[in-house]
1. Return the distance in nm (one decimal) between the two label points of a simple spin-label model at GLU812 and ASP787, each offset 7 Å from Cα along Cα→Cβ.
2. Which of the peptides 734-747, 851-864, 314-327 is most tightly packed, and how do the rest follow, judged by the mean count of other Cβ atoms within 10 Å per residue?
3. How charged is the neighbourhood of LEU942? Take every other residue with its Cβ under 11 Å from the Cβ of LEU942, and add Lys/Arg as +1 and Asp/Glu as -1.
4. May I ask for the distance between the Cα centers of the stretch 840-912 and the stretch 172-193, given as a whole number of Å?
5. Just report the Cα centroid separation between the stretch 935-949 and the stretch 120-170, whole Å.
6. Grab the beta carbon distance between GLU111 and ASP171, set R0 = 22 Å, and tell me the FRET efficiency rounded to 0.05.
7. Against the globular-protein guess of 2.2 N^0.38 Å, express the Cα radius of gyration of the chain as a ratio, rounded to two decimals.
8. Can you give me the relative contact order of the chain as a percent, contacts being Cα pairs under 8 Å and 6 or more apart?
Amino acid sequence: MYFPSYCSSPSTSSSVLRACRVRFASTLSSSVTRSFSSPCRASPPTCSVSCRSVCFSPASRSVRCSAPRWSYGVDWRSPVSLRAQIRSASPALERFERKIATMASEHPFKEILTGLPKPGGGEFGKFYSLPALNDPRIDKLPYSIRILLESAIRNCDNFQVTKEDVEKIIDWENSAPKQVEIPFKPARVLLQDFTGVPAVVDLASMREAIKDLDSDPDKINPLVPVDLVIDHSVQVDVARSENAVQANMDLEFKRNKERFAFLKWGSTAFRNMLVVPPGSGIVHQVNLEYLGRVVFNTEGILYPDSVVGTDSHTTMIDGLGVAGWGVGELKQRQQCLVSLFVYFYLRPMSMVLPGVVGFKLSGKLCDGVTATDLVLTVTQMLRKHGVVGKFVEFYGEGMGQLSLADRATIANMSPEYGATMGFFPVDHVTLQYLKLTGRSDETVAMIEAYLRANNMFVDYNEPQQERVYSSYLELDLGDVEPCVSGPKRPHDRVPLRDMKADWHSCLDSKVGFKGFAVPKEEQDKVVKFSFHGQPAELKHGSVVIAAITSCTNTSNPSVMLGAGLVAKKACELGLEVKPWVKTSLAPGSGVVTKYLLQSGLQKYLNQQGFHIVGYGCTTCIGNSGDLEESVASAIADNDLIAAAVLSGNRNFEGRVHPLTRANYLASPPLVVAYALAGTVDIDFEKEPLGTGKDGKHVYFKDIWPTGEEIAEVVQASVLPDMFKSTYEAITKGNPFWNQLSVTSSSLYAWDPNSTYIHKPPYFNGMTMDPPGPRGVKDAYCLLLFGDSITTDHISPAGSIHKDSPAAKYLMERGVDRKDFNSYGSRRGNDEVMARGTFANIRIVNKLLNGEVGPKTIHIPSGEKLYVYDAAMRYKSAGQDTIVLAGAEYGSGSSRDWAAKGPMLQGVKAVIAKSFERIHRSNLVGMGIIPLCFKPGEDADTLGLTGHERYTIDLPTKISDIRPGQDITVTTDNGKSFTCTLRFDTEVELAYFDHGGILQYVIRNLTKQ
C-alpha cells in the first residue's frame, strides 16, 4: 500500500526489488501450498501478524473461545492448541515449520532479540530491542516512526524486508524528504459492515473465480486477524421514544437480515475473521475500549499493536498509542487475501516513509471548553499547515491535561485534517485508561515494561530526549474557545461568539462552501405549519435535526455527561426542545448507557427528546431517518435552509440528510443547547434560549456546566466494571443475530433475485493472461467538477431518492419505497451501487451550467440524463468516458464504491488537480487511470468545456510506463496538455496491467 502526497512521484527501486523477491518466494513456497487443500494459519515466533494475544483480558478470551458464531474456523483457545491441530493435518506442515524455524534462527537482527523480565521472576517474553542497536539516530526518531522501525527489524528476512529498508527508517531524518518506499506489516485489520459486506462479497466472488481457473478456492482467506463490527446499518427511524432502541433494531434486522446472514456466513466460511453483531457499538469505540492490544504477546514474542482499517476513522486508535489508519478498501483486500501458507513469502504493504509533523501542546483548556472545541481547532490548524500523507505526533506538557478520550477525539478526526495518523505515544494516561476499560493488571504491566524497555514509552516525569520532526506546530490549550464547524465542511471552524454573524454571512454569500445565496428579502421569512395538531414554525437556520452521534464524541465521558448536565439544568429551569426537532442519542458502546444511568442524567436527556436510538453510526453517516412529513414539506415547499447540529466528524452537503443544507459539527452539550434554541441564528452571549417556568429568560450561561461539575460526575459514574460487563456480553450476540441460520459451505450460494447481495461482474471472462495497458481513445467527458468533490458526492451512503435510477431498479424488483434502506446497506449489490454512483442530490456538475443534482449532459445528443443513464448510453455505444475534476478529488470517507462505481459506469480515467490519497489508490485498484494537471493548470485555465473528446496515449507495454511520468492528453478540437500519471509505484503499474488489484491477486494465487 502506498500513501503519497498529492502529486508526488517517489522512487520505485525498492518496490521493484521487493516484487522480484515475491516472484522468487512464490516459487519457493508453491510446493508447500499445493500440499494443502484446506490450509490453516500457522504462526512462527517472528511473525508480526499472528494469533490473538494469549492473555489480553477475560473479555477477549471469551471472544476467542465462545460459540461457533465467534470462531475463526478453528479452536482458538491458545496458539499452542492451534499449532497441534494444524500439525495433525499433514506431515508436510512440519517440513514447512522447520523451514520457517531455520529462517528465524538466521534472522539478520537475532543478536538484539532480548528477554523482558517480569518483576517477580521469569519473563514476559522476548522482543527486538531498539536500544540494543546502539544507534544515536534512533533516540531522535518520532515515536510513530519507531513503530515502523520495530516492524521492519522484526520482519527483516532480506527477502521481503531488507537491512536496507531498516536503514532507511533509522535514517528517517534524511530519507523521509526523499519520499522513499518502505515495507510495513500491520498486526490486524478492522472493518465495519458498510465496507465489510463488499469485502466479503469480493472474497466470495474471488473464491469462485479462482475455482473457475482450476485452482483451490481455499487459497482465498484473510491473511491477518480481521475484526468486523456491524455498526453502520442502524437508522433513526424511531426517535423520542423509550422503545426506540428495540424498535430501530427490529427494523434494522428486517431490512438487513440478508446482509447480516451473509456476514455471519463469512465469519464461518473464512478463517481468521471475527464478526461483532449489530447493537454492540461503533467500530472505533469498540476498537478503543476492547479490541486494541497496544502490545501483542504472540508465542512469547512482544511487539506493538498496529491496525489498518477500511474506515478512514480507524485513526481513533492512535489516541491509545496504537499505530492505525484507514486505507483504500481495495488495497486492504490485497493485504488480507492471500493463501496462508505462502504468507511469509508474500510482500508486505508498501508505503512511503512519511514526514512527521510535531504538534506541541501546552497549557490547559479553559473552563467550559470541550474536547470537541479542541479537535475542531486542531483540524483547522493542521488543514492550513498541510499534512496530507504525513503522520502528526502530539507532545508537550499539555499532554498531561488531556484524558485518553480527549486524545482519541483528536486522533479520530485525522482524515478531516488530512493526516495518515494523529498519534499520541503511550504514557501514564494510556495505562490508566487500559485499567479503566478492564485490561488486566498483568497485561498493563507487560505493556508498560515492554514499551519502556524499547524506548516507546513517554514518561513526562523524566527529562525528555529532543526528537526531530519534519515540521512543527504549537497550540496553547488555553487559547481554544467554544466553536462549531460548518455549514458544509469539518474544517470550516466558527467560534461560538461569531456564529450568528457567520450564519448571516452564509445566507448572503454566493452558493459555495460558506454560502447559500438567499435574497435579502427572503432571509426573514417564517413558514407556519401544523405539527401533530400543534402550531409550529420554521425559518432559515431552524434546527430540525439535533443528534448526539459518532465515535468522535460518544467515546468521551466528559462531553457525554456534559450533555446530560445541560439537559438537567434545562429541565430544572423549565426549558423544553420543540417537538418538531428530531433529537437522538446513539452511543458508541453500551458503556455510555451504563454511566448515563449511573449518573442519573439519562432521564433528563429523555425529557429533552434525546432517547437512546441505537448503538452504531447513525446521523453522522446519513442514517438520520425521515423527518416528519409536515416538517419535510415545510422545508421543501418553501426552499428553507434547514439546519442539523450533530456531534459527528463529517458534515458534507447531502450527507446528513437531503433536506438539511446547513450542517454543523458541535460537542454533545452544544447539540443539546442548539436543540433548545431551535435555531443556529442565535448569539448565545446576548440572546436567550427561551423562557423558563418562572417567566424569565434563560440564557446559555444558565445551563452550561462548569468543568468541576463535569469532572465530579465523570469520577463518580465511569467505572471499570461497566467496561468488563459490556464486552463480556457482546460475545453472546443478541436474539436477532443468534436466530440467523447460515450454510456451512465454503462457497456462497448466490441468489440472483437478491437486491442486497449480488455476484459482481469483475471476473467475468477472466483468463490467466493480463489484459495489459489500455489507453483512452476519443472519450467523452461524463462529468466536469470543481474542487472538493468528496466520496459522498461520488458514492453516497445515505437514503435512496425515490426518482433515482437505483430506486427504479429496486421498484422493478418489487421493493417498496419504505424498504429501500440506504446505499450504504446495499453495497453488496453492484447493480444498485453502479446506479447510485454520482447520485448525490447536491452534486455540482459544471456541464449543467449551475443546476445542482445527479444529472449530466449526454454530449452526442445534448440530452440531460441521470448520470447512470448517460453512462450506460455511452457504454452501450462502445464510447469511453472520463471525469474532469479540481483539487482534493475523492476526499472524505475511504469508499471502495467511489472507485468501483465509476469503473462499472465505464469511466476510464480521472483528470484532477489533486487526489485524496486513499481514493487515488482505490481508482488504481479498479483499473482507472488517475492523472494530475500540472501545477497552475486545470480545466478552466486550459479552456476545457467538457464538450471535447479526449485521447490519452499510453504505451502498449507495461514495461514502457514509469510511475509519475508525463502523459500527453489531446482533444478533438486541437488542444493538447501534459499531465502527471499518478501510478506511483511499480506495484500499482502491475495492478493496472492486470486490470485491477483483485485480478492481480487471483492470477498470482492461481499460479502458486
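1. Reported label-point gap for GLU812 and ASP787 is 4.0 nm.
2. 314-327, 851-864, 734-747
3. Net local charge, LEU942 excluded: -2.
4. Between the Cα centres of the stretch 840-912 and the stretch 172-193 lies a distance of 32 Å.
5. Centre-to-centre distance over Cα atoms comes out at 48 Å.
6. It comes to 0.60.
7. 0.90
8. Once normalised by length, the contact order is 14 percent.
The values are calculated or read from the model by the stated rules, or taken from the named source; none is laboratory data. On a predicted model such as this, the values are computed, not experimentally measured, just so you know. Here Cβ is always computed from backbone atoms with ideal geometry, including for glycine, and neighbour counts include all displayed protein chains. For the accessible areas, the whole protein counts, side chains as well, though only heavy atoms, and no ligand, DNA or RNA atoms are used. Shrake-Rupley method; radii C 1.70, N 1.55, O 1.52, S 1.80 Å.
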